[in-house]
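The structure under discussion appears below in the form of structure tokens.
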Amino acid sequence: LWLKKKNSSKWKQISLPVDTVLFDLDFVKDSPKHGWLVGSKGTFLETIDGGENWIPRTFANLDPDEELTYRFETISFSGNDGWVIGKPAIMLHTKDGGKSWLRVPVSPKLPGEPISITALGPDSAEMTTSSGAVYITDNGGRNWKAQVKETIDSTLNRTISSGVSGASYFTGSIIGVIRDLTGKYLAISSRGNFFLTWQPGQEFWIPRARETSRRIQGMGFIQGDSKKGIWMSTRGGGLGFTESNVDFDSVNGFEFTNSPIKTGGYGILDVAFKNNEELWAACGGGILYKSLNRGKTWEKEPGTEKIAGNLYKIKFFDSESGFVLGSNGVLLKYLP
């Protein structure tokens, strides 16, 4: 019995009524057991029991056939105020925890398409686009105020001689935009050959060379806070961490220390800290790794390699509540 306990996984798969790609999940901050899960082909699921059971929801103001064409990619709540964005460009807003959703018009004049949104409070949110524009609304999306003076494209055209390797191959779009608790951002160029940072008050993004010859696969903030440092994964299973208090004002590169995770060549798609010491990494091939000492040593999580799907995103809401989102409708829930 003891052996079985030792080898049993810390995650269980939750049965879902969809087999689509799951992109994001968040809980209504005013009722923490009430959550929403979004994904491809119009996937929009609701839970009221902390993520054990999920019920499909549809929108009164979207035609059911039209709804199937959307990929809902990001969802974010602050209190009962929630926002969703997806592709083709669509934005939804709720003020009542998701009982009703309003469609917010997305201006065709936007530079790039919306790729991330963060709920900040009643009727307030911050949105970023694939061109690196950052906008804030405080009236439910009727007006948006630009926070960055120019698109990343313009910045790079101006600073191409600054010697960021790979910047001259920039295709104009970014992937994987990540925001920390204080509004600082990381973004990866779509080819993975360099990354950029921005913080409130800066007029433009700062391009930064990667330290390795391998392309960047993913990045993020340690426990969601730039003061605690940044992680970066590179193609082929590389993973590194910076020290704490990274200097977003300096134009120098950030120093990453390699972490000895051995994934057998699978790229690491996401890393999430449960607390200061315990962290998890999701790899291609549906495999999870865990470290209990801030990434000094890693072990493969038993049982996860049997899952038929890639694992893309890990989210911890507190030390008891965590989820892993994947393809083929794969959702794993943390067992505290």
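The values are calculated or read from the model by the stated rules, or taken from the named source; none is laboratory data. Note that this is a predicted model, so its numbers are computed, not measured. With ideal geometry, Cβ positions are generated from the backbone for all residues, glycine too; neighbour counts draw on all protein chains shown. Keep in mind that these areas ignore ligands, DNA and RNA; they rest on the heavy atoms of the full protein, side chains included. Shrake-Rupley method; radii C 1.70, N 1.55, O 1.52, S 1.80 Å.
Points worth noting:
- Screening the candidates 210, 191 for the property of being open to solvent by 20 Å² or more (accessible area, probe 1.4 Å), in contact with a helix residue (DSSP H, G or I) (Cβ under 9 Å, 6 or more places away or on another chain) and closer than 16 Å to residue 233 by Cβ yields one hit, 191.
- In segment 50-63, residue farthest from residue 320 (Cα to Cα) [restricted to those that are touching a strand residue (DSSP E or B) at 6+ places or on another chain (Cβ under 8 Å) and open to solvent by 50 Å² or more (accessible area, probe 1.4 Å)]: 61
- Restricting segment 120-133 to residues that are closer than 12 Å to residue 198 by Cβ and at pLDDT below 95 leaves a set whose member that is surrounded by the fewest Cβ atoms within 10 Å (Cβ to Cβ) is 133.
- Screening residue 295 on (1) in contact (Cβ under 8 Å) with a residue 24 or more places away in the chain; (2) out of contact with any Pro (no Cβ under 9 Å at 6 or more places or on another chain); (3) over 30 Å from residue 150 (Cβ atoms) shows it passes everything except condition (2).
- If you go through segment 286-313 and keep only what is open to solvent by 10 Å² or more (accessible area, probe 1.4 Å), within 20 Å of residue 14 (Cβ to Cβ) and in contact with an Asp or Glu (Cβ under 8 Å, 6 or more places away or on another chain), you end up with 287, 290, 312, 313.
- Applying the condition of being of a type in the set (A, V, I, L, M) and assigned to a loop (DSSP other than H, G, I, E, B) to segment 64-99 and asking which residue is surrounded by the most Cβ atoms within 10 Å (Cβ to Cβ) yields 89.
- Pairs are defined by a Cβ separation below 9 Å, a sequence spacing of at least 6 or placement on different chains, a first member in segment 223-246 that is at negative phi and open to solvent by 30 Å² or more (accessible area, probe 1.4 Å), and a second member that is assigned to a strand (DSSP E or B) and aliphatic (A, V, I, L, M); the pairs so defined are 235/216.
- Index of the failed condition, residue 185 passing every other in (1) open to solvent by 10 Å² or more (accessible area, probe 1.4 Å); (2) touching a strand residue (DSSP E or B) at 6+ places or on another chain (Cβ under 6 Å); (3) of a type in the set (Phe, Trp, Tyr): (1)
- Qualifying residue in segment 100-119 (condition: modelled with pLDDT of 90 or more, of a type outside the set (Val, Ile, Thr), in a loop (DSSP other than H, G, I, E, B) and open to solvent by less than 20 Å² (accessible area, probe 1.4 Å)): no
- Test result for residue 256, aromatic (Phe, Trp, Tyr), within 20 Å of residue 228 (Cα to Cα) and open to solvent by 30 Å² or more (accessible area, probe 1.4 Å): yes
- Residues of segment 268-285 that are surrounded by fewer than 22 Cβ atoms within 10 Å (Cβ to Cβ), within 17 Å of residue 232 (Cβ to Cβ) and of a type in the set (Gly, Ala, Ser): 272, 284.
- Within segment 26-44, being buried (at least 22 other Cβ atoms within 10 Å of the Cβ) and within 19 Å of residue 328 (Cα to Cα) holds for 36, 37, 38, 39, 42, 43, 44.
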